[in-house]
Amino acid sequence: MNTLNLKKLVKEIVGRADELKRKHIENKDALVNYACIFSQSKDEYDELLEAAKKMGTVVKETPTGLLFQIKPLKTVAGDLKLLKIRIYDPTRPEQGDADFTISNFAAFEKKYLPKSGFKLIKRPDFVMIELMDHKFDVRAYFSNPTLEVQLNIK
């Protein structure tokens, strides 16, 4: 995969995650701050990684894959600066996900967590709300604090 195709794929994932978000929440203007591609095989992971290395630099190595800071990529949900390529995981059959910035996370959590499709995930340094809908081949997340804040990326 070349960088042009990777950019196109990332924009498609963010676009579908934005549609998912718009279907389920009122805060339709929440901007993207992070996106992840779920590789569907070891070979695809290697291919995606090679293309991503040409788009940016690795800012974090995680157990599930590498996170890159990329030159801002224009998407339907704003400029994207963080892209992760996720190692193949059979529990992630979707194409990927996008994480959106919510200004008042406490109010968002109170309003949406009880609703169908929303799930709270707690991590040592942050919490996130996952949104899934079987009609979409992507996931949407809302993290507090955002990954940009966690990594101190401007």
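The values are calculated or read from the model by the stated rules, or taken from the named source; none is laboratory data. No experiment lies behind these values; they were computed from the predicted model shown. Virtual Cβ from ideal backbone geometry, glycine too; neighbours counted across all protein chains shown.
Key figures
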{"item": "Residues of region 120-154 that turn out to be free of Cβ contacts under 8 Å to residues at least 40 places away in the same chain, among the polar types (S, T, N, Q) and either surrounded by 13 or more Cβ atoms within 10 Å (Cβ to Cβ) or at negative phi (or both), as a count", "result": "1"}
{"item": "Which numbered condition Ala107 misses (of (1) of a type in the set (A, V, I, L, M, F, W, C); (2) within 13 Å of Lys11 (Cα to Cα); (3) loosely packed, with under 13 Cβ neighbours inside 10 Å)", "result": "(2)"}
{"item": "Within region 38-47, considering residues that are acidic (Asp, Glu) and surrounded by fewer than 16 Cβ atoms within 10 Å (Cβ to Cβ), the one farthest from the chain's Cα centre (by Cα)", "result": "Asp43"}
{"item": "Qualifying residue in region 48-62 (condition: of a type in the set (S, T, N, Q) and surrounded by 17 or more Cβ atoms within 10 Å (Cβ to Cβ))", "result": "no"}
{"item": "Every residue from region 1-29 that is free of Cβ contacts under 8 Å to residues at least 40 places away in the same chain, in a helix (DSSP H, G or I) and not aliphatic (A, V, I, L, M)", "result": "Lys8, Arg22"}
{"item": "Selection count, region 30-43, where residues are in contact with a strand residue (DSSP E or B) (Cβ under 9 Å, 6 or more places away or on another chain) and either in a helix (DSSP H, G or I) or free of Cβ contacts under 8 Å to residues at least 60 places away in the same chain (or both)", "result": "3"}
{"item": "Selected residue (only one of Glu109, Glu130, Glu148, Glu94 is at pLDDT below 95 and among the charged types (D, E, K, R))", "result": "Glu148"}
{"item": "First in region 84-102 and in a loop (DSSP other than H, G, I, E, B), second anywhere and of a type in the set (D, E, K, R) and surrounded by fewer than 20 Cβ atoms within 10 Å (Cβ to Cβ), Cβ under 6 Å, 6 or more apart", "result": "Tyr88/Lys42; Glu94/Asp137; Gln95/Asp137"}
{"item": "Check on Ala35, closer than 13 Å to Ala140 by Cα and either buried (at least 23 other Cβ atoms within 10 Å of the Cβ) or modelled with pLDDT under 95 (or both)", "result": "yes"}
{"item": "For Val58: the one exception among (1) more than 13 Å from the chain's Cα centre (by Cα); (2) among the aliphatic types (A, V, I, L, M); (3) not in a strand (DSSP E or B)", "result": "(3)"}
{"item": "Only listed residue being surrounded by 20 or more Cβ atoms within 10 Å (Cβ to Cβ) and farther than 21 Å from Gly15 by Cβ, chosen from Gly65, Gly96", "result": "Gly65"}
